Amino acid sequence: MTAPHLPYLSQFSLEGRVALVTGSGRGLGLEIARAMAGSGAHVLLNGRDAARLEPLAEAIAAAGGRASVLAFDVADREAVRDAFARIDRDHGRLDMLVQNVGQRNRKPLTDFADEEISELLNVDLAAGLILAREAARLMLPQGFGRLITVTSISGQIARANDAVYAAAKAGLAGMVRALAAEYGGKGLTSNAIAPGFFATETNAGITGNPALSAYFEGRTPIGRWGRPEEIAGAAVFLASPAASYVNGHVLVVDGGATILM
């Protein structure tokens with residue numbers, strides 16, 4: 001039997017698109033950036049340290065992709081405005097925003113000072129709203145955009161001594177749904193990715209502890225930590241034409257951890 005000629009994989013192409021991936025100097029953000037560049041997008045790598053990002057952009061270029069460095073602190077409002085002005089000036093468009101920056105401070109809520117709560121919410125929630133606003137201002141005139149926010153399963157399930165982070169991640173999920181309603185009829189979609197337990201640099205202290213690592217492995221039906229590159233397919237899908245009717249969704253990538261009792 002002859003297979004039908006269906007060039008369906010072209011539905012996952014990001015050719016000609018410009019994508020900003022915040023927090024792409026390492027971990028999940030870097031893997032998302034690499035995958036989007038490998039799917040045809042011109043990726044803008046973000047972090048606070050341009051020197052760290054330059055060799056990563058060069059490596060993407062050496063592999064046949066396109067990448068530029070756009071270093072700024074997502075919590076610095078003026079720097080954010082300047083960065084989006086630069087995107088408009090240098091590229092004339094922004095098609096995808098992947099928000100991946102997060103900060104964590106695990107301890108009992110009663111141990112937090114007011115300033116510590118404000119700082120975490122500023123980085124993990126308020127910055128997300130401001131970045132989405134600036135991205136929408138570039139996307140709305142072109143009638144196309146993909147707002148993708150990396151949240152966490154901590155926005156759906158909880159552990160003790162993590163209240164501020166969990167509250168911020170739940171807030172981001174609410175933002176994603178609200179923006180889906182606000183912009184869905186204007187060519188923009190808004191979705192989230194909620195990672196589970198991934199073996200990233202941030203979790204090195206846990207993965208390097210045999211007892212703790214075994215606990216988290218046991219919390220996942222697949223029985224292991226996620227590999228950072230396993231987040232990439234979800235991001236490419238949500239950014240691609242294949243997901244054109246997916247809007248307001250939180251795509252959980254956790255090996256099944258959140259289905260366990």
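Based on what the data block shows, is Arg81 farther than 27 Å from Gly196 by Cα and among the basic types (Lys, Arg)? Working first, answer last.
Numbers: farther than 27 Å from Gly196 by Cα: yes; among the basic types (Lys, Arg): yes.
Taking the combined requirement at face value, the residue satisfies it.
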Which listed residue is modelled with pLDDT of 95 or more, among the hydrophobic types (A, V, I, L, M, F, W, C) and open to solvent by 60 Å² or more (accessible area, probe 1.4 Å), from Ile259, Ile193, Ile222: Ile222
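This table checks each residue for (1) closer than 23 Å to Ala232 by Cβ; (2) of a type in the set (Asp, Glu).
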| residue | (1), (2) |
| --- | --- |
| Gln103 | yes, no |
| Asp114 | no, yes |
| Glu119 | no, yes |
| Val123 | no, no |
| Arg133 | no, no |
| Met139 | yes, no |
| Asn161 | no, no |
| Ala167 | no, no |
| Gly171 | no, no |
Applying the selection to segment 15-29, what residues are more than 21 Å from Arg86 (Cβ to Cβ) and either touching a helix residue (DSSP H, G or I) at 6+ places or on another chain (Cβ under 7 Å) or of a type in the set (S, T, N, Q) (or both)? Arg26, Gly27, Leu28
Residue check, Met175 against (1) in contact with a His (Cβ under 7 Å, 6 or more places away or on another chain); (2) within 27 Å of Lys107 (Cβ to Cβ), all met but one. Which one? (1)
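Looking at segment 81-124, which of its residues are of a type in the set (S, T, N, Q), more than 16 Å from the chain's Cα centre (by Cα) and crowded, with 16+ Cβ neighbours inside 10 Å? It would help to see each step written out before you state the result.
Of all residues in segment 81-124, those of a type in the set (S, T, N, Q) come to 99-100, 103, 105, 110, 118, 122.
Add one more test, that the residue is more than 16 Å from the chain's Cα centre (by Cα), and what stays is 105, 110, 118, 122.
Matches in segment 81-124: Asn122 only.
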What number of residues within segment 199-256 are within 21 Å of Gly40 (Cβ to Cβ), of a type in the set (S, T, N, Q) and touching a residue at least 60 places away in the same chain (Cβ under 8 Å)? 1
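The values are calculated or read from the model by the stated rules, or taken from the named source; none is laboratory data. These figures come from a predicted structure and were not determined experimentally. Because the Cβ atoms are built from the backbone with ideal geometry, glycine has one as well, and the counts that use them run over all protein chains shown. Remember, those area values only see protein heavy atoms, side chains included, never the ligands or the DNA or RNA. Shrake-Rupley method; radii C 1.70, N 1.55, O 1.52, S 1.80 Å.
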